[in-house]
1. Taking 0.36 nm per intervening residue step and subtracting the Cα-Cα distance, what contour gain separates Asn274 from Asp318 on full extension?
2. Which value, in Å² rounded to 10, gives the accessible area of Cys145 with a 1.4 Å probe and all protein chains present?
3. What per residue convex hull volume, in Å³, do the alpha-carbon atoms of the chain yield?
4. Scan the stretch 49-153 for trypsin sites (Lys or Arg not before Pro) in coil per DSSP, keeping those whose Cβ has at most 13 other Cβ atoms within 10 Å, and list them by number.
5. Tell me, in nm to one decimal, what length is gained between Asp379 and Arg51 on full extension, where the rule is 0.36 nm per residue of separation less the Cα-Cα distance?
6. With respect to the cross-link table entries Lys359/Lys405; Lys227/Lys303; Lys61/Lys205, which display a Cα-Cα separation exceeding 29 Å?
7. What number do you get for the stretch 333-433 when its Cα radius of gyration is normalised by 2.2 N^0.38 Å, N = residues?
8. Would you mind checking the tilt of helix 25-39 against the longest principal axis of the Cα atoms of the chain, expressed as 0 to 90 degrees and rounded to 10?
Amino acid sequence: MWGAVPYYYENDTSDFKKTNVGVNDTTLILADLDSAIALLPATPRNGEKGRATKWTATAYKGRVQVYAHDYAGAITTLQSVVASGVYDLETSFDHVWTGFHQFADGPETILAYQASANDGEPDGNNANWGERLNFPHSDSPFGCCGFHQPSQNMLNSFVVDANGLPKAVTDPTWNARNAFYVASINDTLDPRVDWSVGRDSVPYKDWGLHLPKWIRAPGYGGPYSPKKNVHEHASGAESKVGWATGQLNSVHIHIYRYADLLLLLAEAYVEQGNLPAAQALVNQIRTRAGQTAQGCGSGVTAKAESILVARYPGCATDTRMVVPINEPVIKWATYRVGTYTTPWPDVTFARNAVRIERKIELAMEGQRFFDLRRWGIADTTINNFVAVEKNRRSFLTAATPFAAKYRLYPIPSLQIELSKVGGTSTLQQNPGW
């Protein structure tokens, strides 16, 4: 977030006024990760899932190498993680972000924030506080607060062509649509859209239909809601204690998962010219994406159930939240996921295919900005995004153009003042601030 920062060790005895000038954080972080790989056990300590192991550290080493553009090194490191067999993709996408306890810390989890609810803590303080504002607002079962709304650009990214491939890869006009995506079998979409985004008249997990009243201010932030961090009603993951319990749950927050690792490896393959290997990994991700789709679920109240069944009579006798993507009961989209069957023609096409796959697979997970920044395209991509999206979302009309200085946060001026030694600051402000 801040770029170069001072690096401290547990045996430092200084007054903690180190400089950040000339700090090579990649080298230091890699040294720490190498130490972790040597010291950590191969399996979780005491059998406690969620604890870091040597493979967690190895996976992170590969991640850092990709970020540092050491693609050859990253391939070696990440290949060793794949070969270990420690991690795997979940069998279906609905198992990745979920409140169902049996899927917590599953094979795809490399590192996650371990949320816990209904564990005896009287105020729900072990539950997932960090995402509590990121629930549908107002008339929804959660009551608040409508933050982290998906953009139209994001929804357009889930549209696929006749072969089930992202139009964001195959069609230069992929982002032309301004009309909202509501339930319609005329829209051919990647099923991950309805595991990631709440949209009107589409079942929202097993809470009933997502409705316009669930949005705080559609003219401001748009009509869509976040969905990944929200628990299923049947999961029992909602806290029974604490303030505003509907927004407290035990859904683990993925910080790093195996699909992310595979796409980092695919990226490294592309940059090293091994396009077939990258294509195979992307196809692996896409094959998993095609396993299941959002089903009817059920209404959480009698009113919600009646609204659901009135719109979709087939849901009266089908309460499955998870169904195959071609299930006849689905009347809110036409789902299709294809794999790349023709060899990728060149590095430019391959690079775009991997990057779009990261965008839709990891949508709403907090990865996008950091991807754009490390690819060196944050300025152009964000300014192009705003130029189009400001005509769709009123809050963007006064947006400041994205400049180079925004790639990093400013170091707090108070910290710069506190770093002074002999009247000279040891901390140097980031460029532009």
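1. That pair, Asn274 and Asp318, stretches by 11.3 nm at full extension.
2. Answer for Cys145: close to 10 Å² accessible.
3. 168
4. Sparse-neighbourhood loop trypsin sites (Lys or Arg not before Pro): Lys49.
5. Numbers: separation 328, 0.36 × 328 = 118.08 nm, distance 3.69 nm.
Here the answer is 114.4 nm.
6. Numbers: Lys359/Lys405 24 Å; Lys227/Lys303 21 Å; Lys61/Lys205 35 Å.
Cα-Cα > 29 Å for Lys61/Lys205; rest within.
7. Numbers: Rg = 19.8 Å, N = 101, 2.2 N^0.38 = 12.7 Å.
Relative to the rule-of-thumb radius for its length, the stretch 333-433 sits at 1.56.
8. 80
The values are calculated or read from the model by the stated rules, or taken from the named source; none is laboratory data. Computed from a prediction, not measured in an experiment: that's the story for all the values here. Positions of Cβ are backbone-derived with ideal geometry, glycine not excepted, and every protein chain shown enters the neighbour counts. In case anyone asks, the SASA skips ligands and DNA or RNA and just uses the protein heavy atoms, side chains included. Shrake-Rupley method; radii C 1.70, N 1.55, O 1.52, S 1.80 Å.
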